[in-house]
Amino acid sequence: MYVTIPTENTDYSTVTPLATTLPQSAEAHLKPGAYLYFEGDEVEWLYQVTSGVMRLTRLLADGRRQVIAFGYPGDIVGFPSSGLHHTDCEALTPAQLQPFRRSALENGEGDPKLHNALLQAALREISEMQDHFMMLGRKSASEKVASFLCVLAERVGTDLGAYRGVTLPMSRSDIADFLGLTTETVSRTFTQLRKSKIIAIENIHTVIIQRPDALLGLSLGDRD
């Protein structure tokens, strides 16, 4: 999952499970904190998240971290770069993932439908990354946090009457490293949104969106 550019007509519906005519390998089960793979590992499998949340990260030479993406149910993780994984991939919650052989993406032998589905997922990821880069380079801190919450609300939020509940399994520092901000700025922005009664903070991992239209407007740069 990346922060794509939200609009009033945006559909963030979850990607359906990939179908294959070939025998499927057993799902991978991970506990929180367990790694699925590390940057530099050879890619043998691609994975579709079926439950839970994954965190994809990279480190600079000086130890600074960038959260590249979060993997939510329906997302594909593990696309190769020159045959290698280009991020670490860690479970934030108990997670299950369905593996697919890398060859299904590269040549589609035995299952052209699966090959096309993986290819479309890779192309969709490129488009979403472009939106994410635009957000990182051009949006203010409040616009970034609002955009992040809008995507999560549409993707995995729960209806609470007129409100929308969002669970945040990631820490504030994870959000900061994902949005190109400091942890202090993320915390301060959450506080500003709470004081504006756009959101309510039930606990560190639960946000209630009280004014969805205002949040969407802020994500699009509307200051009114």
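Quick notes
- Phe133 being modelled with pLDDT of 90 or more and of a type in the set (Phe, Trp, Tyr): no
- Just one residue in the set Lys144, Lys195, Lys139 is surrounded by fewer than 16 Cβ atoms within 10 Å (Cβ to Cβ) and either at pLDDT 95 or above or not aliphatic (A, V, I, L, M) (or both); that residue is Lys195.
- Filtered residues of the stretch 46-84 (kept if of a type in the set (Asp, Glu) and buried (at least 17 other Cβ atoms within 10 Å of the Cβ)): Asp75
- The one condition in (1) assigned by TED's automatic domain parsing to the domain that holds Tyr72; (2) in contact with a Ser or Thr (Cβ under 8 Å, 6 or more places away or on another chain); (3) without any contact (Cβ under 8 Å) to a residue 40 or more places away in the chain that Gln130 fails to fulfil: (2)
- Filtered by the rule that a residue be acidic (Asp, Glu) and either closer than 20 Å to Tyr72 by Cβ or outside the structural domain of Val151 (by TED's automatic domain parsing) (or both), the stretch 168-201 gives Asp174, Asp177.
- Some residue of the stretch 87-110 being crowded, with 16+ Cβ neighbours inside 10 Å, within 23 Å of Thr21 (Cβ to Cβ), touching a helix residue (DSSP H, G or I) at 6+ places or on another chain (Cβ under 9 Å) and acidic (Asp, Glu): no
The values are calculated or read from the model by the stated rules, or taken from the named source; none is laboratory data. Just so we're clear, the structure is a prediction, and the values are computed from it rather than from any experiment. All Cβ positions, even for glycine, are placed from backbone atoms using ideal geometry, and neighbour counts span all protein chains on display.
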